[in-house]
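Asks: Take a look at the following structure, please.
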């Protein structure tokens, strides 16, 4: 059956796009929280990023990285290197949505 111009897009496709955006937002927030002034928030972000989840839940750091074809260990290494730089020398954060 041909699809007309006013037929809705498949709901599964929209849900997947929303999940991708949520996964990316979780990752971005965790990275941003590494610089948060509150020690508890920084500790939560550190635990999320630098702990290994053997169950690989959908929103675990490892799962999100792998979903966007990023190496979790390479991202962790870059974040460790970044955390050693003084705050005033860091450039602005920019993130792009993975294709």
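Just so it is clear, none of the values below were taken in a lab; they were calculated from the coordinates. Everything numeric in this text was worked out from a predicted model, so none of it was measured. No Cβ is skipped: glycine too gets one built from the backbone with ideal geometry, and neighbour counts run over all protein chains shown.
Asks: Quick one: length gained pulling residue 51 to residue 20 fully straight, 0.36 nm per residue minus the C-alpha distance?
Replies: Gain on stretching residue 51 to residue 20: 9.0 nm.
Asks: Can you sort 65, 38 from fewest to most other Cβ atoms within 10 Å of each residue's own Cβ?
Replies: Listing 65, 38 from fewest to most nearby Cβ atoms yields 38, 65.
Asks: Another question about this same structure. Of 58, 31, how do they rank once you tally other Cβ atoms within 10 Å and put the fewest first?
Replies: 58, 31
Asks: Only counting other Cβ atoms within 10 Å, I'd like 22, 27 sorted with the fewest neighbours first.
Replies: The fewest-first ordering by Cβ neighbours comes to 22, 27.
Asks: Something else about it: Using label points projected 7 Å from each Cα along Cα→Cβ, tell me how many nm separate residue 70 and residue 32, to one decimal.
Replies: The two pseudo-label positions are separated by 1.4 nm.
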